[in-house]
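Student: What follows is a single structure, and I will ask about it in a moment.
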């Protein structure tokens with residue numbers, strides 16, 4: 001809603017659900033992915049670590065003609081296993097693999113936080 005308000009661009013949100021442990025299962029979307037045809041798609045994730053989520057999530061767009069695919073991540077941990085890069089990054093954290101990053105968002109933006117544990 002905020003992006004539509006400040007840019008005037010109509011935004012369609014498509015939720016991608018996938019099981020990273022069962023990569024042979026296809027990702028599922030809450031809207032027909034064909035609605036993204038000939039549009040710019042921005043994939044958003046909270047934490048980018050290995051790149052697995054982005055890699056598996058991109059599959060849903062491979063068989064439709066999109067204008068451009070961009071990636072946005074709130075926290076980039078830079079521990080890539082998959083060849084994924086981000087176009088937009090909120091914060092980059094130098095972490096060790098055993099640490100865990102939690103992103104907590106509230107709809108009003110009042111108590112948004114990133115925790116490293």
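The values are calculated or read from the model by the stated rules, or taken from the named source; none is laboratory data. Nothing here was measured: the structure is a model prediction, and the numbers come from that model. Methodologically, a virtual Cβ is constructed for each residue, glycine included, from the backbone with ideal geometry; neighbour enumeration extends over all protein chains shown.
Student: Looking only at segment 99-117, which residues are part of a loop (DSSP other than H, G, I, E, B) and within 18 Å of the chain's Cα centre (by Cα)? It would help to see each step written out before you state the result.
Tutor: Pass one, segment 99-117, residues part of a loop (DSSP other than H, G, I, E, B): 99-100, 105-112, 117.
Listed by number, the residues that qualify are 100, 105, 106, 107, 112.
Student: While we're looking at this one, here's another question. Restricting attention to segment 1-25, report how many residues are outside any loop (DSSP other than H, G, I, E, B) and surrounded by 10 or more Cβ atoms within 10 Å (Cβ to Cβ). Lay out the reasoning, then the answer.
Tutor: Kept after step one, since they are outside any loop (DSSP other than H, G, I, E, B), are these residues of segment 1-25: 2-7, 16-17.
Then drop every residue that is not surrounded by 10 or more Cβ atoms within 10 Å (Cβ to Cβ), which leaves 3-4, 16.
Residues that pass the stated criteria total 3.
Student: Report yes if residue 28 is surrounded by 10 or more Cβ atoms within 10 Å (Cβ to Cβ), farther than 23 Å from residue 112 by Cβ and in contact with a strand residue (DSSP E or B) (Cβ under 7 Å, 6 or more places away or on another chain), otherwise no.
Tutor: Numbers: surrounded by 10 or more Cβ atoms within 10 Å (Cβ to Cβ): yes; farther than 23 Å from residue 112 by Cβ: yes; in contact with a strand residue (DSSP E or B) (Cβ under 7 Å, 6 or more places away or on another chain): yes.
Yes, satisfied.
Student: Restricting to segment 30-61, what's the tally of residues that are over 14 Å from the mean Cα position of the chain (by Cα) and in a helix (DSSP H, G or I)?
Tutor: 4
Student: Here's something else I'd like to know. How many residues does segment 17-37 contain that are closer than 19 Å to residue 81 by Cβ and in contact (Cβ under 8 Å) with a residue 24 or more places away in the chain?
Tutor: 4
Student: I'm trying to understand the selection: among the residues of segment 63-98, which are at pLDDT below 80 and either exposed (fewer than 12 other Cβ atoms within 10 Å of the Cβ) or part of a strand (DSSP E or B) (or both)? Full working, then the answer.
Tutor: First, pick out the residues of segment 63-98 that are at pLDDT below 80: 94-98.
Within segment 63-98, 94, 96, 97, 98 qualify.
Student: Here are some residues: 11, 40. Which one is under 18 Å from residue 66 (Cα atoms) and in contact with a helix residue (DSSP H, G or I) (Cβ under 9 Å, 6 or more places away or on another chain)? Steps first, answer last, please.
Tutor: Values: 40 fails: in contact with a helix residue (DSSP H, G or I) (Cβ under 9 Å, 6 or more places away or on another chain).
Criteria check complete, one pass: 11.
Student: For segment 31-62, which positions are at pLDDT 90 or above, touching a strand residue (DSSP E or B) at 6+ places or on another chain (Cβ under 6 Å) and surrounded by fewer than 17 Cβ atoms within 10 Å (Cβ to Cβ)?
Tutor: 40, 42, 44
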